[in-house]
Amino acid sequence: MRGNPESHHFIDAANLDEILALLAKEPGEWTAIAGGTEIMVAHAAGRLSAKKLINLWGVPELSNIVVTETHLSIGGGVTFNQIRHDATIIAEFPLLAQAASWIGSIANQSRATIAGNIVNGSPAADAPPALLVYDAEIELISHKGTRRLAYSDFHTGYKQSLLLSSELVLAIHLPRHHEQQIKYLRKVGTRRAMAITKVALAGTASSVHHAITRIRIAAASVADRPLRLIATEAALLNEPLNESTLSRARKALWSEVRPIDDLRSTAEYRKQVIANLLDEFLTQIARSSPS
Amino acid sequence: MSSRQFAIQFTVNGQSARVEAPPLKRLLDVLREDLGLTGTKEGCGEGECGSCSVRMNGALVNSCLVPILQVEGSVVETVEGLTVDGELHPLQQAFIECGGAQCGICTPGMLVAASHLLSHTPYPTVDEIREGLAGNLCRCTGFIKIFESVISAAAKKGSQAHAR
């Protein structure tokens, strides 16, 4: 059944303070909407349960990308179109620019925001694996002030997170690393455009003399949340890239992923493909490693 | 602000528009029902097919996913705005000449997405056209004739520019 716009209360507020005051005053009553690429889909299908909506689109405090000496900060309301075309992101965080360019279509990218992608909490979301390998921090804001957490701690289960009903995502902060890193990102979907991920893997690494000195690996659609692969990283760190390391890494990978059967793929396929993607990333490290 | 009716002012195809609508009403429905601009089509209604594509403040958007409250003060361009003084846009002419339109449901969205592409990339490669139109689904043409239409329009625009 088609949703009726008159059955939802939808308001605009004068500024961010007013939005936060309302979220605090009536906890859990209000749902924030920015680009609408999730909420309007639910509305059109008549399954939008939120009765009270507050507008976040165009809130200036959430709309900018700011570069400092140490960090690149992306406001929660920044769109994927802004992200994929930002010169600093392209130069220093290319995996994020690439992930942004894979989200839906051009029309989706001009509306979908980074905070929406995160807060929606889909394990298949495109941006989170890139954010995880770049050691992102997430800054939340409420009427009481702000708090800053490691993004890898933010998602706590299927569509569960540490976000309180009084909070919004103010910004994502990415520490700037100036050293050259090996980088990897691959998304496996049904088609190239407009596809939701069956399996995706992101990775960054540095290596010296065929041994890995720093590594970050994260994946989508292999668990109930976007997942940083801590055990797999540990199996590889400071190890030479040989057969026995690769075999231990694969074992560690399979110990920490929890793929499921769903309408897009099967657990078995995901388990195999995530291991193949890891192999491809490690092969790339081996090839790039100065000997 | 009531959830019932909300007065909103914005610009459509260069003309000022003022409507009263529930704030969550879709831009698509306001265009078609309140303003009589039925060129913009509804396909999937969930941002997958692109037949409701319009430009809002210079960005390509799916009008089925834009609540009208967010359109206040914006500049919206629909397929009707492509034709100026009865003269077809080079893209519209090219779609006719190259067989880029068949049943017609996707055509307005294709034209708007293609005009958006040409606005920032006047001479697109085939890959750029494929990406620019990836959010617009067509079940008739197999897409090739649409890509040819965009290439032809870009070439024609270029030759017109050179002639001037």
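Using mean Cβ contacts within 10 Å as the protection proxy, how do A:250-260, B:59-69, A:26-36 order, highest first?
On the way: A:250-260: 17.2, B:59-69: 26.6, A:26-36: 19.5.
Those peptides, ordered most packed to least, come out B:59-69, A:26-36, A:250-260.
Here B:Arg4, B:Arg18, A:Arg248 are placed in order of increasing Cβ neighbour count within 10 Å, fewest first, which gives B:Arg18, B:Arg4, A:Arg248.
Hull surface divided by four, with the convex hull built on the Cα atoms of chain B: how many nm²?
9.7
Between A:Ser255 and A:Thr88, the C-beta separation translates, for a Förster distance of 30 Å, into a calculated FRET efficiency of about 0.25.
What is the calculated FRET efficiency for A:Asp135 to A:Asn64, with r their C-beta to C-beta distance and R₀ = 30 Å, to the nearest 0.05?
Working: r = 21 Å, r/R0 = 0.70.
Here the calculated transfer efficiency is 0.90.
Please report the projected area of the protein assembly as shown's Cα convex hull averaged over all directions, in nm². Don't jump to the answer; show the numbers that get you there.
Working: hull surface 95.7 nm².
Its average projected convex-hull area is 23.9 nm².
Among B:Phe6, A:Phe10, which comes first, then next, by fewest other beta-carbon atoms within 10 Å? Show your work: numbers first, answer last.
Values: B:Phe6 22, A:Phe10 26.
Fewest to most other Cβ atoms nearby, the residues stand as B:Phe6, A:Phe10.
Shown for chain A: lysine pairs separated by 8 or more places, or found on different chains, whose C-alpha atoms are under 17 Å apart, numbering 7.
The mean number of partner chain beta-carbon atoms within 10 angstrom of a residue's beta-carbon across peptide A:40-53 is 3. When A:Tyr158, A:Tyr269 are arranged by Cβ crowding within 10 Å, least crowded first, meaning fewest neighbours, the order is A:Tyr158, A:Tyr269. Annotation for A:Asp224 and A:Thr283: the two label points, set 7 Å from Cα along the Cα-Cβ direction, are 3.5 nm apart. With a simple spin-label model that places each label point 7 Å from the Cα along the Cα-to-Cβ direction, the separation between B:Lys156 and A:Leu164 comes to 6.1 nm.
Note on B:Lys156: aspartates and glutamates with a C-alpha under 16 Å away, same-chain residues under 8 apart excluded, are B:Glu87, B:Glu97, B:Glu148. Comparing B:Glu148, B:Glu48, B:Glu33 in a Gaussian network model of chain B (Cα springs below 10 Å), the most mobile by mean-square fluctuation is B:Glu33.
Using every pair of distinct Cα positions in the range B:90-163, the Kirkwood expression returns a hydrodynamic radius of 12.0 angstrom.
By the Stokes-Einstein formula, at 1.002 mPa s and 20 °C, the range B:5-68 with its Kirkwood radius over alpha-carbon pairs has D equal to 181 µm²/s. Connecting C-alpha atoms closer than 10 Å in a GNM of chain B, tell me which of B:Val12, B:Val150, B:Val112 has the biggest fluctuation. Fluctuation is largest for B:Val12. Taking B:Leu118, B:Leu35, B:Leu91 in turn, the Gaussian network model of chain B (Cα-Cα springs below 10 Å) assigns the largest fluctuation to B:Leu35.
With the cut-off at under 19 Å, measuring from each backbone N in the range B:58-100 to a point 7 Å along the Cα-to-Cβ line of B:Ala7 picks out B:68-74. Each Cα pair under 8 Å and six or more residues apart adds its separation to the average, and for chain A the resulting relative contact order is 15 percent. Every helix of 4 or more DSSP H residues in the protein assembly as shown counts as -39500 (n - 2.57), and over all residues that averages to -9500 deg cm²/dmol at 222 nm.
Values in this text are rule-based calculations from the coordinates and carry no lab data. Here the structure is a predicted model, which is why all the values come from computation and not from measurement. In this analysis, Cβ positions are derived from the backbone assuming ideal geometry, glycine residues included, and neighbour counts consider all displayed protein chains.
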